Amino acid sequence: MFDIAVIPGVASYKDNSDEMFDRLLLEFENGESISIIRGDYSYGGNLGLFEIMPSNSEALGIGDEVMGYLTKEKVIEYATKLSNL
């Protein structure tokens, strides 16, 4: 789903993908984390786009909700911002 090496500060990751969803949980060195999913029932998944739920969504300016319909580049941008908090 992603080349983890392009996202700075990743301390660990877990791939929880199954037959319905691509699922990835990234945990950063600063203690923050982000869940990334894509599947037919995620926001934008039917278009090949991603949905995220960061641990600190307010710091990213997206409120306290999931954010969907994201390109891979936008997910990397949000994950990088979160890792730099």
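Being in a strand (DSSP E or B) and under 12 Å from the mean Cα position of the chain (by Cα) is the filter here; which residues of segment 29-42 pass it?
SER33, ILE34, SER35, ILE36, ILE37, ARG38
Condition first: polar (S, T, N, Q) and in contact with a Ser or Thr (Cβ under 9 Å, 6 or more places away or on another chain). Can you find one or more residues in segment 57-79 that meet it? Step through it out loud before you land on a result.
Taking segment 57-79 as the starting set, the residues that turn out to be polar (S, T, N, Q) are 57, 71.
If we keep only those that are in contact with a Ser or Thr (Cβ under 9 Å, 6 or more places away or on another chain) as well, we get none.
No - not one qualifying residue is present in segment 57-79.
Take the residues in segment 1-30 that are touching a strand residue (DSSP E or B) at 6+ places or on another chain (Cβ under 8 Å), within 12 Å of SER83 (Cα to Cα) and in contact (Cβ under 8 Å) with a residue 40 or more places away in the chain; name whichever of them is surrounded by the most Cβ atoms within 10 Å (Cβ to Cβ).
LEU26
Please give the number of the condition ILE76 fails out of (1) touching a residue at least 40 places away in the same chain (Cβ under 8 Å); (2) part of a loop (DSSP other than H, G, I, E, B).
(2)
Within segment 58-72, work out how many residues are within 11 Å of the chain's Cα centre (by Cα) and either surrounded by 19 or more Cβ atoms within 10 Å (Cβ to Cβ) or free of Cβ contacts under 8 Å to residues at least 40 places away in the same chain (or both).
Here is the first cut: in segment 58-72, the ones within 11 Å of the chain's Cα centre (by Cα) are 66-68, 70-72.
Filter again for either surrounded by 19 or more Cβ atoms within 10 Å (Cβ to Cβ) or free of Cβ contacts under 8 Å to residues at least 40 places away in the same chain (or both), leaving 66-68, 70-71.
Qualifying residue count for the region: 5.
(1) among the polar types (S, T, N, Q); (2) touching a helix residue (DSSP H, G or I) at 6+ places or on another chain (Cβ under 9 Å); (3) surrounded by 17 or more Cβ atoms within 10 Å (Cβ to Cβ); (4) over 19 Å from ILE4 (Cβ atoms): which one isn't true of SER42, the others all being true?
(2)
Every number here is computed from the coordinates shown, using simple stated rules; none is lab data. Keep in mind that what you see is a predicted model, and the values were worked out from it rather than measured. Using ideal geometry, Cβ is built from the backbone for each residue, glycine included, and neighbour counts are taken over all protein chains shown.
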